[in-house]
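Questions regarding the structure given below will be posed in turn.
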Amino acid sequence: MEKNITVDYLRLSVTDLCNLNCVYCTPLEKREFLTHQEVLRYEEIARLIRLFIEIGIRKVRITGGEPLIKKNIVALVEMLKKIEGLEEISMTTNGMLLSEYAAQLKKAGLSRVNISLDTLKRDRFKAITGVDSFLEVWEGIQAALAVGFDPVKLNVVPIKGVNDDEIVDFAKLTLKYPLIVRFIELFHTNQRSKKFIESLLSSERTKKLITEELGEIKPSHMIKGEGPASYYKISGSIGSIGFISGSSSNFCHCCNRIRVDCAGRISPCLFSGHIYDTRPLLRSNTQDEKLLEDIKKLLSLKFQYTKYTIKERKIEMSSLGG
Ligand code: SAM
């Protein structure tokens with residue numbers, strides 16, 4: 001394992017289903033969704049998380065698919081909140097159902113939310129996601145701020161010819177709202193994203209579009225859950241902007257995360273294709289000791305299997321979670 005890196009962050013996908021159908025995310029080919037039986041139950045998830053705490057995980061981010069379409073998602077947050085040693089629970093959502101759930105999630109113990117949004121235009125939202133729900137997402141963002149999630153981050157994937165004319169408008173949101181707007185470089189995950197990869201807008205280019213219009217941006221620190229992003233402020237802003245450059249730069253050496261999909265498959269790296277399937281073990285009489293031993297072994301390989309060691313890309317963000 002890399003020196004000085006503590007793997008303390010786990011991304012937990014709770015469903016492979018989504019209520020949106022984003023042009024660059026969901027696979028082109030007809031998808032086989034997992035059956036109810038194949039997806040981990042909340043008790044099984046809680047057992048896994050307890051084991052992960054023993055090997056150093058301290059933060060869990062719930063993702064999907066879309067986590068808010070999962071039945072009783074608030075109950076999962078409550079269950080995780082009771083696990084000793086788990087210091088933070090956060091969520092990545094498309095925000096469509098957030099205005100309904102924000103207060104309940106906050107009360108259950110969720111600390112932070114990241115909301116994915118690639119456009120501020122209603123028609124374009126429908127063109128990108130297949131659903132006319134921009135207004136619901138916008139209400140979700142306002143609800144997240146109103147109930148006091150701190151910080152509320154917006155995740156934007158800038159793509160040439162799709163939303164590059166809105167980069168400055170997204171940055172300007174930080175003048176009015178205490179949002180952290182993060183521009184995340186598109187990466188090549190599957191056949192669908194491949195169609196767009198030539199339209200990738202690098203963080204460098206995105207930053208330039210902002211500074212050309214809004215002037216110099218100053219580096220900003222102390223943002224909770226900082227991870228691999230670099231953060232800046234535009235003059236006079238109450239929020240911040242961030243850049244995640246997963247395609248144009250390599251931050252594998254400082255990656256502190258592992259992923260578990262909704263069927264209980266652990267991936268030490270999003271791109272590794274190297275997985276460990278816990279579900280058969282969780283559903284047999286396997287002792288915690290054996291599971292722990294295997295998970296530790298898998299983690300020791302984390303830095304051997306990275307996006308630079310695989311050739312074929314078949315990653316489904318829609319089930320493994322971004
Ligand atoms: N449904 C939730 C949401 O929309 O936030 C969680 C799952 S979604 C897969 C998580 C994030 O992955 C979204 O912000 C989405 O934009 C991002 N994503 C999907 N495919 C991507 C790709 N090829 N490159 C970069 N980000 C991607």
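Counting only heavy atoms of the protein chains, get the accessible area per residue of the chain (1.4 Å probe) and round it to a whole Å² value.
For the chain, the per-residue accessible area is 46 Å².
OK, next. Can you list the residues, at least 5 places off or on another chain, whose amide H is less than 5 Å from the amide H of S116, using H built in the peptide plane?
T93, N94, G95, N155
Find the percent of Cα-Cα distances in the chain that exceed 32 Å, and round it to a whole number.
Roughly 25 percent, once rounded to a whole number.
With Rg and the Kirkwood Rh both taken from Cα atoms, where does Rg over Rh land for the range 129-198?
1.01
Taking only Cα atoms, what is the 0 to 90° angle, nearest 10, from helix 134-147's long axis to the longest principal axis of the chain?
Taking Cα atoms only, the helix is inclined about 70 degrees.
Relative to the longest principal axis of the C-alpha atoms of the chain, give the angle of the C-alpha long axis of helix 203-214, reported between 0 and 90° and rounded to the nearest 10°.
Helix 203-214 and the main axis of the chain meet at about 30 degrees.
Once neighbouring chains are kept in place and the probe is 1.4 Å, which whole percent of the accessible area of the chain is contributed by carbon and sulfur?
With neighbouring chains kept in place, the figure for the chain is 50 percent.
Towards the positive end of the charge dipole of the chain, with charges on Cβ (+1 Lys, Arg; -1 Asp, Glu), say which of C262, T15, L214 has the farthest Cα.
C262
Using only the alpha carbon atoms of the range 87-210, find the Kirkwood hydrodynamic radius as the inverse mean reciprocal pair distance, in angstroms to one decimal.
15.2 Å
Need the full-extension length gain, K296 to D277, defined as separation in residues times 0.36 nm minus the C-alpha distance. One decimal, nm.
Additional length available on full extension: 5.5 nm.
Antiparallel DSSP bridges in the chain: what percent, to the nearest 5?
Around 25 percent of the beta bridges assigned by DSSP in the chain are antiparallel ones.
Give me the dipole magnitude in Debye, nearest 20, for the chain about the Cα centre, with unit charges on the beta carbon: positive for Lys and Arg, negative for Asp and Glu.
Dipole size: approximately 280 debye.
When the helix-only estimate is applied to the chain (DSSP H runs of n ≥ 4, each -39,500 (n - 2.57), divided by the residue count), what is the mean residue ellipticity at 222 nm, nearest 500 deg cm²/dmol?
Computed mean residue ellipticity for the chain: -9500 deg cm²/dmol.
My understanding is that a pair violates if its Cα-Cα distance is over 26 Å; which of K176/K208; K70/K297; K121/K233; K81/K207; K195/K302 do that in this structure?
K70/K297; K81/K207; K195/K302
Follow-up. When only Cα pairs under 8 Å and 6 or more residues apart are kept, what is the percent relative contact order across the chain?
For the chain, the relative contact order is 22 percent.
The values are calculated or read from the model by the stated rules, or taken from the named source; none is laboratory data. Fair warning: this is a prediction, and the values are worked out from it, not measured in the lab. Because the Cβ atoms are built from the backbone with ideal geometry, glycine has one as well, and the counts that use them run over all protein chains shown. We work out accessible area using only protein heavy atoms, side chains counted, and drop any ligands, DNA or RNA first. Shrake-Rupley method; radii C 1.70, N 1.55, O 1.52, S 1.80 Å.
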